[in-house]
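The values are calculated or read from the model by the stated rules, or taken from the named source; none is laboratory data. All values derive from a computational prediction rather than experimental measurement. Methodologically, a virtual Cβ is constructed for each residue, glycine included, from the backbone with ideal geometry; neighbour enumeration extends over all protein chains shown.
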Amino acid sequence: MQRRGLLLILSSPSGAGKSTLARRLIDWDPAIRFSVSATTRPPRPGEQDGREYHFVGAERFAAMVAEGAMLEHATVFGNRYGSPRAPVEAALAEGRDTLFDIDWQGGQQIKNSTLGADAVSVFVLPPSIAALEARLTARAQDSAEVIAGRMAKARAEISHWAEYDYVLVNADLDACTADLIAIVTAERLRRSRRPGLSDFVRGLDAEFAARHPGGEAP
């Protein structure tokens, strides 16, 4: 049955597991489109342009913002990040879901945009601050100085938890993944996202009238 696409916003402090949850969600349903953000930061080892991010220069990024080509954008740790608008609108029109791995600033912008009615937001919390710091250290991707900066920012990010539609505590990755899948499944079934229901019910009514002419019309 026809339905509108869903914009799923997934946010968390760095290290709480949102990127792993995003990958697991797409493994569950490969039809979900992952929104590849544009960024001004340089690629990390192993990253490819167009896969992890669209790596662009500061001038090009600013031009995209000025042209209205970004659905949302924010500055994080001195680098700019943003979600290109055109692919998102195309996916919605096709009834496809788009997943955003973004921070609270970007999430608010999407919620307040013309596409906000199609957005569902999920915030992921760590089970403890000690666990969050341990995860950041175990990744071995950042220097001690960068990790300290991320921990300093985590408290401010967590303070926005109440602005989200759903909040998950990632104490157990399998359980958290199952909860995220349950959220997506339920949101896909919302009546407001299934415009084809009206035609379906009219068809049932027509069939009822044909099979039972004396039945009471609504």
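Against the condition at pLDDT below 90, closer than 25 Å to Phe100 by Cβ and out of contact with any strand residue (DSSP E or B) (no Cβ under 9 Å at 6 or more places or on another chain), how does Arg193 come out, does it pass? Let's see the steps before the verdict.
Working: at pLDDT below 90: yes; closer than 25 Å to Phe100 by Cβ: yes; out of contact with any strand residue (DSSP E or B) (no Cβ under 9 Å at 6 or more places or on another chain): yes.
Against the criterion (at pLDDT below 90, closer than 25 Å to Phe100 by Cβ and out of contact with any strand residue (DSSP E or B) (no Cβ under 9 Å at 6 or more places or on another chain)), Arg193 qualifies.
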Exercise. Mind checking which residues of the stretch 92-124 are under 26 Å from Ala16 (Cβ atoms) and among the aliphatic types (A, V, I, L, M)?
Worked result: Leu99, Ile102, Ile110, Leu115, Ala119, Val120, Val122, Val124
Seminar exercise, completed: The condition of being modelled with pLDDT under 90, among the hydroxyl-bearing types (Ser, Thr, Tyr), loosely packed, with under 13 Cβ neighbours inside 10 Å and within 19 Å of the chain's Cα centre (by Cα) holds, among Thr114, Thr185, only for Thr114
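Tally the residues that are buried (at least 17 other Cβ atoms within 10 Å of the Cβ), under 23 Å from the mean Cα position of the chain (by Cα) and either at pLDDT below 85 or over 30 Å from Glu94 (Cα atoms) (or both), restricting the search to the stretch 117-134.
Filtering the stretch 117-134 down to residues buried (at least 17 other Cβ atoms within 10 Å of the Cβ) leaves 118-126, 132-133.
Of the ones still in play, those that are also under 23 Å from the mean Cα position of the chain (by Cα) are 118-126, 132.
Checking which are either at pLDDT below 85 or over 30 Å from Glu94 (Cα atoms) (or both) leaves us with 125-126, 132.
Count: 3.
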Problem set entry | Count of residues meeting criterion [among the β-branched types (Val, Ile, Thr) and either over 20 Å from Ile110 (Cα atoms) or out of contact with any Phe, Trp or Tyr (no Cβ under 6 Å at 6 or more places or on another chain) (or both)] in the stretch 1-16 | 0
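Does Leu71 satisfy the condition of being part of a strand (DSSP E or B), of a type outside the set (S, T, N, Q), surrounded by 14 or more Cβ atoms within 10 Å (Cβ to Cβ) and modelled with pLDDT of 95 or more? Lay out the reasoning, then the answer.
Numbers: part of a strand (DSSP E or B): yes; of a type outside the set (S, T, N, Q): yes; surrounded by 14 or more Cβ atoms within 10 Å (Cβ to Cβ): yes; modelled with pLDDT of 95 or more: no.
Against the criterion (part of a strand (DSSP E or B), of a type outside the set (S, T, N, Q), surrounded by 14 or more Cβ atoms within 10 Å (Cβ to Cβ) and modelled with pLDDT of 95 or more), Leu71 does not qualify.
Name the residue, out of Ala206, Ala152, Ala175, that is surrounded by fewer than 10 Cβ atoms within 10 Å (Cβ to Cβ), more than 17 Å from the chain's Cα centre (by Cα) and of a type outside the set (Ser, Thr, Tyr). Can you show your working first?
On the way: Ala206 fails: surrounded by fewer than 10 Cβ atoms within 10 Å (Cβ to Cβ); Ala175 fails: surrounded by fewer than 10 Cβ atoms within 10 Å (Cβ to Cβ).
Among Ala206, Ala152, Ala175, only Ala152 is surrounded by fewer than 10 Cβ atoms within 10 Å (Cβ to Cβ), more than 17 Å from the chain's Cα centre (by Cα) and of a type outside the set (Ser, Thr, Tyr).
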For this session: Could you list all residues from the stretch 139-163 that are more than 17 Å from Gly107 (Cα to Cα), touching a Gly at 6+ places or on another chain (Cβ under 9 Å) and not acidic (Asp, Glu)?
Result: Arg139, Ile147, Arg150, Met151
Exercise. Does Ser113 qualify as being without any contact (Cβ under 8 Å) to a residue 60 or more places away in the chain, touching a Gly at 6+ places or on another chain (Cβ under 9 Å), under 28 Å from Trp28 (Cβ atoms) and polar (S, T, N, Q)?
Worked result: no
Seminar exercise, completed: Residue count, the stretch 50-77, condition among the small types (Gly, Ala, Ser) and under 23 Å from Val124 (Cα atoms), comes to 1
Problem set entry | Residues of the stretch 77-92 classified as over 16 Å from the mean Cα position of the chain (by Cα) and buried (at least 17 other Cβ atoms within 10 Å of the Cβ), total | 1
Exercise. Restricting the search to the stretch 20-66, which residues are touching a residue at least 24 places away in the same chain (Cβ under 8 Å), assigned to a helix (DSSP H, G or I) and out of contact with any Asp or Glu (no Cβ under 7 Å at 6 or more places or on another chain)?
Worked result: Thr20, Leu21, Arg24, Leu25, Ile26, Trp28, Met64
Exercise. Which number in (1) modelled with pLDDT of 90 or more; (2) surrounded by 13 or more Cβ atoms within 10 Å (Cβ to Cβ) marks the one condition that Asp27 misses?
Worked result: (2)
Problem set entry | Failed item in (1) at pLDDT 90 or above; (2) surrounded by fewer than 16 Cβ atoms within 10 Å (Cβ to Cβ); (3) within 29 Å of Arg135 (Cα to Cα), with Arg51 passing the rest | (1)
